[in-house]
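Student: Dropping a structure here in structure tokens format, bear with me for questions.
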Protein chains: 4
Amino acid sequence: MAVKRIGILTSGGDCAGLNAALRAVVHRAIRTYGWRVFGIRDGSMGLMTRPLNYVEFDLSLVTGDMLRLGGTILGTVNKGDPFHYPMPDGSFRDRSAEFVEGYRELGIEALVVIGGDGSMRILNQLCRLGGIPMVGIPKTIDNDVAQTDYAIGFPTALDVAGEAIDRLAPTAASHHRVMILEVMGRDVGHIAINAGVAGGADVILIPEIPYSLDGIAARIAAVRAEGRNHALLVVAEGCKTESGEPVSTIQAGGEVRYGGIGHYLAAKLAELVQAETRVTVLGHVQRGGMPSMRDRVVASAFGVHAVDLIAAGKLGRMVAWQHGQVGDVPLSDVAGITRAVDPYGPLAQTARGLGIYIGELPVG
Amino acid sequence: MAVKRIGILTSGGDCAGLNAALRAVVHRAIRTYGWRVFGIRDGSMGLMTRPLNYVEFDLSLVTGDMLRLGGTILGTVNKGDPFHYPMPDGSFRDRSAEFVEGYRELGIEALVVIGGDGSMRILNQLCRLGGIPMVGIPKTIDNDVAQTDYAIGFPTALDVAGEAIDRLAPTAASHHRVMILEVMGRDVGHIAINAGVAGGADVILIPEIPYSLDGIAARIAAVRAEGRNHALLVVAEGCKTESGEPVSTIQAGGEVRYGGIGHYLAAKLAELVQAETRVTVLGHVQRGGMPSMRDRVVASAFGVHAVDLIAAGKLGRMVAWQHGQVGDVPLSDVAGITRAVDPYGPLAQTARGLGIYIGELPVG
Amino acid sequence: MAVKRIGILTSGGDCAGLNAALRAVVHRAIRTYGWRVFGIRDGSMGLMTRPLNYVEFDLSLVTGDMLRLGGTILGTVNKGDPFHYPMPDGSFRDRSAEFVEGYRELGIEALVVIGGDGSMRILNQLCRLGGIPMVGIPKTIDNDVAQTDYAIGFPTALDVAGEAIDRLAPTAASHHRVMILEVMGRDVGHIAINAGVAGGADVILIPEIPYSLDGIAARIAAVRAEGRNHALLVVAEGCKTESGEPVSTIQAGGEVRYGGIGHYLAAKLAELVQAETRVTVLGHVQRGGMPSMRDRVVASAFGVHAVDLIAAGKLGRMVAWQHGQVGDVPLSDVAGITRAVDPYGPLAQTARGLGIYIGELPVG
Amino acid sequence: MAVKRIGILTSGGDCAGLNAALRAVVHRAIRTYGWRVFGIRDGSMGLMTRPLNYVEFDLSLVTGDMLRLGGTILGTVNKGDPFHYPMPDGSFRDRSAEFVEGYRELGIEALVVIGGDGSMRILNQLCRLGGIPMVGIPKTIDNDVAQTDYAIGFPTALDVAGEAIDRLAPTAASHHRVMILEVMGRDVGHIAINAGVAGGADVILIPEIPYSLDGIAARIAAVRAEGRNHALLVVAEGCKTESGEPVSTIQAGGEVRYGGIGHYLAAKLAELVQAETRVTVLGHVQRGGMPSMRDRVVASAFGVHAVDLIAAGKLGRMVAWQHGQVGDVPLSDVAGITRAVDPYGPLAQTARGLGIYIGELPVG
């Protein structure tokens, strides 16, 4: 295969490290292989828009400063799946042909997609339609892409969440409060459990493990019995109420309404443990801004390796961090699989070993 | 005056740097003057409780690590003003006599109070009742204590708020969003205007200056005209709606309800400027955890100087940061005065000079 | 005065915050006054070179990201004073006429100089030669410019030096060592005394105060008597040997040679106090990279105000940080005066109050 | 096995995360198993000294604040190998029997050793002598322990080194300099190559790969040809001169002398590439102080798992980070093996792919 022109896009929510991966792709493609690299703007939109919305990279655009820059210089918008693109009238349209025409017009012979599981799956289908290979680079602060220890963005998100706990711990102690930190994680609790262990939480709630308010209360009572009159609770945003309902549905009758799981817990625990509770919803700062060193190393390795896969004619693969270094796996091994926290795995065991309440497992 | 025993307490909301001030008081009092220092726990509560709740400091309790420790090791609770102490039955009681008896029992001859304007005023009255001198050390992340450039906690809070903008700016850019950051500041906008200038905000709203939604929209339109499709807005929590109502009151009829000023602006602007808006309410992380270097220097200077004031028999004064160094002012010059951002002052001028919309002043 | 074109340059050693000041100058000049702004590259060199070396700024070049960028995008080289420019053959030449012709060719009607005391003085002379006004913006990590509480770069340098102490303190404790940190400060000790107080040093040596090795040893002995078997010493690079000689001269006979004052102290103290000593020479990291929030606020205020001074026809002035806000002073009040740490002033008093050894003052 | 009393010690150079591991061991042992935990002070010294030097831990000594505390609260001294203990007269003595008697006197039935490869090997022999099992927890900022992706301390050291590059890059650019950063790594280049990739270095030199000054010069020439007049070079302290000699030996005749490899390169390159060069020797700050979140997670997992190994009767093993989680390996698989950077491995490939010069490999 004599690839000469490749495209690259970032898809889905932004995070720290995307620019480091972009930079690495451009360096490798131009320096080593002499290819041309086209950065497609705003995710899949850049190829569905006419005129096409892209930039051709040269080395002057990918300096070391780009390593330190958060987000993605290509932009990313979530207007929707090209196969089911939402129209202003509420209907959906299949715009996949426009996308395929787009990359044909641009003349690219392979596409590097920096995205989450869903983006990679859809874009792989779009690439197959037009017969060009795709290589995926996993990114998501949630770290729920299968087959890779790290997705780009997670290392930085962990740092941000951990630093928040470091800042909240002293104010919890000073005011004898139960401090609740709600972190990102719709489906999985990687940020919550890692940050909670790193920050010294007493309670960590993640979507993977059911919990009871009584269980939390018991842990807080134990903390007090040990002579400490404050506690830290970290909860992933995707956690449900004690009975398993989504938090947003419990506004029945318009009487009760919580801003999210953090506020639900604050209200319940204030009564149950007779403590002042306070909530911090960390939100978008977890997307990170300047990436951590770990994120930059992982993203750089991902970018270089992705280009090497194209050069080697290895199609339909995703780069991955495994055994402490970069490698790759078939996209088919990743698609549709969510990498969750193993409720019986080593990190859950670590948390329990530290006396942290992380919920109650069904007897397995 | 041959003072031999002094007390020290921290009052009101905690912040970064309190322990650095405590440490400095203890060092100076013990090393230089050979006094005994009693740390009173939980603000004024420690002297109203029987038995008294306090710790006697020695030098082994005030190591360098204390400089790095957020919050206050003495604790601080806000159960209420001893002159109007809220009782479980909803009534109020004057418990000032208990407080005076408390410090008499402890035998302290002077009291150092680390607190905000309100705390210092009340505690000064309590000290006068029993005829002992008080020296105040100003602290508040809001930086609204009069006569001092810095109150303890503000430098760190500024860093935390500024770092949040640094993290939000790239995600705003990547997603072409209007990103709103709500920071602390019930009555004043020091955190908002300083962090907004430092972080590169396009709009900064503070309680001291009225604004219009149209004014904000015009600024965002100008930003777009300059070729940038995202914007950053920083707002102090104490800002009101465009028409000057508290945000919490506009839930009449149960129809409209905002989590706070940030969410109000997000809802209004999403319509007005046709942009995706996102809100981050920074909350308690602004209390800071590990203090910044500036906070540690200021707090250390405050602590040493407070003890020197007692030694010199200067009563009823507050230490203050003026002309780049520590000094002191009469408590009476501070009491009841809120140090607000001057809408016509240099920093407002700086913000305007950078093209930032900071509201509209009545023609003065 | 109807100024239409202004120039700006950065002179001397780089530091954090220079770009924030540049950005502010450009915003104010273009947005408020509609002027054209020319950035002169590499300090005075940009006007002595033919063709002239400069960039004309527009608003797209001064985005918010520039606030976060360390150093100076204009570059700065120290090839020498235009009045006494060093030639390859070792002689000196007066190239001032070339500089004047340079700014005449560029057509600028005023010059903003971001520099230290020396740079501002020389450039003011050069501006007078050609009859154009100069406004100065003080920058130096040493913070030794007179009449201003802060020079750009100092706040960040303090943070960097303080963080280094935070990192060294635990390793000193773990290994029971005397840890020595050498920080910048050829003539003054602002970084050393501020960082030392903030970080919990036991000994702080600054060029302004003589010291004795016995005095240091006595302090370390006292630390041990208090039960601590490690100590932290912060020293400004400009400190001399105990007897007042420059450290670099004590290599007489080629027998003894120290890398600098830090290594001199390490060697002397290892013997004198029978301890393991280790030295860290912090060096160029103090120039800072990403500026602190305080540096960004100060630099932004300086930049806006500098332009306002030109607009108001106020010539020959330097912007300054005084009384907690931006102001200005005549350049003549600054020239030739080094702002040193006052050995009898409040911060020295703070250090002594904390039990820190900062040298011995002549009986004054 | 019904273990009731265990000991724990930290050995060798301190680093970030040691206290997090200590804390985890104490929590797991007391909470889960009800054991007693004895912290032995100053590495092996605590058991060779009479009276024994140790502390018995209870949960009140291992709070969340300990997660944030750098170094080791147990202390660590490097007086020497108990089998070959250096005596004041210059001779060596076998003091192993004293050590064995020490742990017998303390009555511990197993020992947890937090140390590097060498410490673990020696202490395992000492434990075998007395017939008690040892479990190892790998720590070293160099990350050269075999069979584990992370040793405690490395993640934080990487952050510190990377941040230094972030601070040096702007000053290199502003002054058009070749900036050299010397980082730790006597035998291996993990910090150098990871930090160099993360920070955007142009040249990375590690002990594992030979280099030539001409190769460096060629890279710097290429950088200039790309239009950039500054460069960043990261070098591990253990690198030798171009010809493979230790840097410290090239002071022949007393004429030439370098402070280390960084200064050697600075001197050589200043001539070779006709550039201003500057050196920063990062030194002890890499030991880290407050640990990164990754270090805290790894250390916590290591501590809990080490106790579980003892409880399960698994002797002579080291905990390890593999496949993204904690596991364990036989100590015999680790002893005497240095985990070096693979010159042909993925990270070296990443560096080359980014255009970084990392030396020249023998044709393999």
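Student: Calculate for chain C the 222 nm mean residue ellipticity that helices alone would give, adding -39,500 (n - 2.57) per DSSP H run of length 4 or more and normalising by residue count, nearest 500 deg cm²/dmol. Please report the intermediate quantities before stating the final value.
Tutor: On the way: 10 runs with 123 residues, N = 364.
Roughly -10500 deg cm²/dmol at 222 nm, from the helical runs in chain C.
Student: Roughly to the nearest percent, how much of the accessible area of segment A:170-251 is carbon and sulfur, given a 1.4 Å probe? Show your work: numbers first, answer last.
Tutor: Details: 1190 of 2420 Å².
Within segment A:170-251, the accessible surface is 49 percent carbon and sulfur.
Student: Let me ask something else about it. Can you give me the accessible area per residue for segment D:260-326, using a 1.4 Å probe, in Å²? Don't skip to the end; give the middle numbers.
Tutor: Details: 2010 Å² over 67 residues.
Accessible surface, normalised per residue, equals 30 Å².
Student: Can you compute log10 of I(q)/I(0) for the protein assembly as shown with the Debye formula, treating each Cα as one identical point scatterer, at q = 0.04, 0.07 Å⁻¹?
Tutor: These q points yield log10 I(q)/I(0) values of -0.23, -0.77.
Student: Quick check: from the Cα gyration tensor, does segment B:43-109 come out rounded (a/c under 1.5), prolate or oblate? Before the final figure, lay out the partial values.
Tutor: Details: a/c = 3.62, a/b = 1.72, b/c = 2.10.
Note, shape of segment B:43-109 comes out oblate.
Student: Which of C:A192, C:A236, C:A221 moves most in a GNM of chain C, Cα contacts under 10 Å?
Tutor: Of C:A192, C:A236, C:A221, the most mobile in the Gaussian network model is C:A221.
Student: 7 Å from Cα along Cα→Cβ at both A:L129 and C:E271: what's the point-to-point distance in nm?
Tutor: For the pair A:L129/C:E271, the computed spacing is 8.1 nm.
Student: In addition: Quick check: pseudo-label points 7 Å beyond the Cα along Cα→Cβ at C:S91 and A:R93, how many nm apart are they?
Tutor: So the two model labels end up 7.8 nm from each other.
Student: On average, how much accessible surface per residue is there in segment B:33-80, in Å², for a 1.4 Å probe, leaving out ligands, DNA and RNA? Numbers along the way, then the final one.
Tutor: Values: 1900 Å² over 48 residues.
It amounts to 40 Å² per residue over segment B:33-80.
Student: Now for a different question. Where the centre of each part is set by its Cα atoms, how far does segment B:6-53 sit from segment D:335-364, in angstrom?
Tutor: One Cα centre to the other: 56 Å.
Student: Rank C:L59, C:L47, C:L181 by mean-square fluctuation in a GNM of chain C with C-alpha springs under 10 angstrom and give only the top-ranked residue.
Tutor: C:L59
Student: Rounded to the nearest 10 degrees, what's the angle between the helix D:190-199 long axis and the longest principal axis of chain D, both from Cα atoms, 0 to 90?
Tutor: 50
Student: Choose one answer from C:E109, C:E226, C:E101: the residue with the largest mean-square fluctuation in a GNM of chain C with alpha-carbon springs under 10 Å.
Tutor: Fluctuation is largest for C:E226.
Student: Rounded to the nearest percent, how much of the accessible area of segment A:1-126 (1.4 Å probe, protein heavy atoms only) is carbon and sulfur?
Tutor: On the way: 2380 of 4620 Å².
The C+S portion of the solvent-accessible surface of segment A:1-126 is 52 percent.
Student: Rounded, prolate or oblate: which fits segment A:1-78, taking a ≥ b ≥ c as square roots of the Cα gyration tensor eigenvalues, rounded meaning a/c under 1.5, else prolate when a/b beats b/c?
Tutor: Numbers: a/c = 2.04, a/b = 1.11, b/c = 1.84.
It comes out oblate by the Cα gyration axes.
Student: Straight-line reach from C:K240: which lysines fall under 17 Å, measuring Cα to Cα and dropping same-chain residues less than 8 apart?
Tutor: Candidates past the 8-residue exclusion: C:K268.
Student: Using a 1.4 angstrom probe on protein heavy atoms only, which residues from segment A:277-300 are buried by at least 50 Å² of accessible area when all chains are present rather than their own chain alone?
Tutor: For segment A:277-300, once contacts with the other chains are taken into account, A:H284, A:V285, A:M293, A:R294, A:V297 lose 50 Å² or more.
Student: Looking at the protein assembly as shown only, what percent of DSSP beta bridges run antiparallel? Nearest 5 please. Mind showing how you got there, number by number?
Tutor: Details: 52 of 180 bridges.
Around 30 percent of the beta bridges assigned by DSSP in the protein assembly as shown are antiparallel ones.
Student: How far, in degrees from 0 to 90, does helix A:96-106 lean away from the longest principal axis of the Cα atoms of chain A, to the nearest 10?
Tutor: 50
Student: At a probe size of 1.4 Å, how large is the accessible area of D:D342, to the nearest 10 Å²?
Tutor: It works out to around 80 Å².
Student: Here's another thing I want to ask about it. What distance in nm separates the simple spin-label points at C:S243 and C:K314, each placed 7 Å from Cα in the Cβ direction?
Tutor: The answer from the label model is 5.1 nm.
Student: Along Cα→Cβ at 7 Å, what distances in nm separate the A:H323 label point from those on the other copies, shortest first?
Tutor: Ordered by increasing distance: 1.2, 6.9, 7.0 nm.
Student: Would you mind checking the tilt of helix B:154-175 against the longest principal axis of the Cα atoms of chain B, expressed as 0 to 90 degrees and rounded to 10?
Tutor: That helix lies at roughly 20 degrees to the long axis.
Student: At A:L59, label 7 Å along Cα→Cβ: distances to the other copies, nm, ascending?
Tutor: Between copies, matching label points for A:L59 lie 3.6, 6.0, 6.0 nm apart.
Student: In whole angstrom, and with the biggest value first, how far do the Cα coordinates of chain D range along each principal axis?
Tutor: 69, 46, 39
Student: Got the relative contact order for segment C:210-359 handy, in percent, Cα pairs under 8 Å and 6 or more residues apart?
Tutor: Numbers: 108 pairs, mean separation 28.3, N = 150.
Computed value for segment C:210-359: 19 percent relative contact order.
Student: Oh, and also: Which lysines does C:K314 reach when only Cα atoms under 29 Å apart count, and residues fewer than 8 places away in its own chain are ignored?
Tutor: Straight-distance partners of C:K314: C:K4, C:K139.
Student: Give the nm distances, rounded to one decimal, from C:G34 to the matching residue in every other copy, measuring between label points 7 Å along Cα toward the beta carbon; shortest first.
Tutor: Distances between equivalent label points, in nm: 5.4, 7.5, 8.7.
Student: Once segment D:234-354 is represented by equal point scatterers at the alpha-carbon sites, with solvent omitted, what log10 I(q)/I(0) does the Debye formula produce at q = 0.10 Å⁻¹?
Tutor: Ignoring solvent entirely, the Cα scatterers give -0.57.
Student: Return a whole-number percent for the relative contact order of segment C:1-138, with Cα pairs under 8 Å and 6 or more residues apart as the contact set. Spell out each step's value before the answer.
Tutor: Working: 255 pairs, mean separation 41.5, N = 138.
Contact order relative to length: 30 percent.
Student: Return the value, in Å² to the nearest 100, of accessible area buried between chains C and D (probe 1.4 Å, both sides summed).
Tutor: On the way: alone 15520 and 15490 Å², together 28530 Å².
Buried surface at the C/D interface: approximately 2500 Å².
Student: In terms of the Cα gyration tensor, with a ≥ b ≥ c the square roots of its eigenvalues, is segment A:62-163 rounded because a/c is under 1.5, prolate because a/b exceeds b/c, or oblate? All intermediate terms of the calculation are to be shown ahead of the outcome.
Tutor: Working: a/c = 1.92, a/b = 1.59, b/c = 1.21.
Here segment A:62-163 falls in the prolate category.
Student: Given the protein chains as shown and a 1.4 Å probe, how many square angstrom of C:I358 are accessible, to the nearest 10?
Tutor: Its accessible surface works out to 10 Å², give or take rounding.
The values are calculated or read from the model by the stated rules, or taken from the named source; none is laboratory data. Since this is a predicted model, take the numbers as computed values, not measurements. Don't worry about glycine lacking a Cβ; one is built from the backbone with ideal geometry, like all the others, and counts go over all protein chains shown. Each accessible area value is taken on the protein alone, full model and side chains, heavy atoms only, with ligands, DNA and RNA left out. Shrake-Rupley method; radii C 1.70, N 1.55, O 1.52, S 1.80 Å.
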